[in-house]
Amino acid sequence: MKVVAFNGSPRVNGNTIQSLKIVLAELEKEGIETEIVQLGGRKVFGCLACGQCSKTKNNRCARKDDEMNTFIQKMEESDGIIIGSPTYFSNVSTEVKALIDRCGCVSKSNGGNLLRGKVGASVVSVRRAGSTFTYSAINFFFGIAEMIICSSSYWNMTLSRDPGDVQKDAEGIQTFQVLGQNMAKLLKQLKG
């Protein structure tokens, strides 16, 4: 089993990736292979609504001027997907939004089965407020993609501003650990 985690923050050592690593550590304890993909700060563009993915039906976006098809392929090849995003004005980062829109269009245009039945989890970092909108945006994507949404003992978020602040958020750490444990259990039940 494999879980791919997308760091939607351009801060490669910020709170979002540190939060993802807490979740992934729990999955690795259970023998689940993990991979982190740096999405934030990468060259990705929004959906053009060109409709080509519904014509080609090859589980890929027609745009070839960025790395999105590599990311879509990683999602297709995984059993579980974690999308981590900082909270920017009460929503996901632009890179995460591009991933959601383009992968969502490709999936729906190809019969909706690209992500169906996979396990999805959101990880959110926020300075103070707006995290539930970010959490919802990611989970709405998982829901429409017919994925199984994994939860924790609280919403999957940390109150943290400066890089490393997540390490001071005991409740956030516990929430991410429980999320990793729950995701491992769910993946094993589905594959069992």
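The values are calculated or read from the model by the stated rules, or taken from the named source; none is laboratory data. Since this is a predicted model, take the numbers as computed values, not measurements. Cβ placement follows ideal geometry from the backbone for every residue including glycine, while neighbour counts extend to all protein chains displayed. Heavy atoms of the whole protein, side chains included, go into the accessibility calculation; ligands, DNA and RNA do not. Shrake-Rupley method; radii C 1.70, N 1.55, O 1.52, S 1.80 Å.
Restricting to segment 22-56, name every residue that is charged (D, E, K, R) and within 20 Å of Pro10 (Cα to Cα).
Keep residues of segment 22-56 that are charged (D, E, K, R), which gives 26, 28-30, 33, 35, 42-43, 55.
Of everything in segment 22-56, those that are charged (D, E, K, R) and within 20 Å of Pro10 (Cα to Cα) turn out to be Glu35, Arg42, Lys43.
What are the pairs, 6+ residues apart or on separate chains, where a residue within segment 56-82 that is free of Cβ contacts under 8 Å to residues at least 24 places away in the same chain has its Cβ under 6 Å from a residue that is open to solvent by 30 Å² or more (accessible area, probe 1.4 Å) and not in a loop (DSSP other than H, G, I, E, B)?
From segment 56-82, the pairs are Ala62/Gln52.
Quick one: in segment 145-176, which of the residues that are part of a helix (DSSP H, G or I) and among the hydrophobic types (A, V, I, L, M, F, W, C) is nearest to Ser9 (Cα to Cα)?
Out of the qualifying residues, it is Val166.
Return a yes/no flag: does segment 88-96 have any residue that is β-branched (Val, Ile, Thr), within 22 Å of Thr158 (Cβ to Cβ), out of contact with any Ser or Thr (no Cβ under 7 Å at 6 or more places or on another chain) and open to solvent by 60 Å² or more (accessible area, probe 1.4 Å). Break it down into steps so the answer makes sense when it comes.
Here is the first cut: in segment 88-96, the residues β-branched (Val, Ile, Thr) are 92, 94, 96.
Restricting the remaining residues to those that are within 22 Å of Thr158 (Cβ to Cβ) gives 92, 94, 96.
Next cut, out of contact with any Ser or Thr (no Cβ under 7 Å at 6 or more places or on another chain) only: 94.
With the extra rule that they be open to solvent by 60 Å² or more (accessible area, probe 1.4 Å), the set shrinks to 94.
Checked segment 88-96: at least one residue is β-branched (Val, Ile, Thr), within 22 Å of Thr158 (Cβ to Cβ), out of contact with any Ser or Thr (no Cβ under 7 Å at 6 or more places or on another chain) and open to solvent by 60 Å² or more (accessible area, probe 1.4 Å).
Just to be sure I understand, how many residues within segment 149-192 are without any contact (Cβ under 8 Å) to a residue 24 or more places away in the chain and surrounded by 15 or more Cβ atoms within 10 Å (Cβ to Cβ)?
Residues flagged as without any contact (Cβ under 8 Å) to a residue 24 or more places away in the chain and surrounded by 15 or more Cβ atoms within 10 Å (Cβ to Cβ) within segment 149-192 amount to 2.
Mind listing whichever residues of segment 136-147 are open to solvent by 10 Å² or more (accessible area, probe 1.4 Å) and either more than 15 Å from the chain's Cα centre (by Cα) or of a type in the set (Gly, Ala, Ser) (or both)?
Ser136, Ala137, Gly143
Select from segment 107-129 the residues that are closer than 15 Å to Thr16 by Cα and out of contact with any helix residue (DSSP H, G or I) (no Cβ under 6 Å at 6 or more places or on another chain) and write down the one among them that is most open to solvent (accessible area, probe 1.4 Å). Quick ask: steps written out before the conclusion?
As a first pass, look at segment 107-129 and keep what is closer than 15 Å to Thr16 by Cα: 121-128.
After this cut, where a residue has to be out of contact with any helix residue (DSSP H, G or I) (no Cβ under 6 Å at 6 or more places or on another chain) as well, the list is 126-128.
Numbers: Val126: 5, Arg127: 151, Arg128: 178 Å².
My answer is Arg128.
Filter segment 99-135 down to residues that are within 12 Å of the chain's Cα centre (by Cα) and in a helix (DSSP H, G or I) and give me whichever is farthest from Ser153 (Cα to Cα).
Among them, the one singled out is Cys103.
Does at least one position in segment 64-79 carry a residue that is under 28 Å from Asn13 (Cβ atoms), β-branched (Val, Ile, Thr), more than 13 Å from the chain's Cα centre (by Cα) and loosely packed, with under 14 Cβ neighbours inside 10 Å?
The answer is yes, given that some residue of segment 64-79 is under 28 Å from Asn13 (Cβ atoms), β-branched (Val, Ile, Thr), more than 13 Å from the chain's Cα centre (by Cα) and loosely packed, with under 14 Cβ neighbours inside 10 Å.
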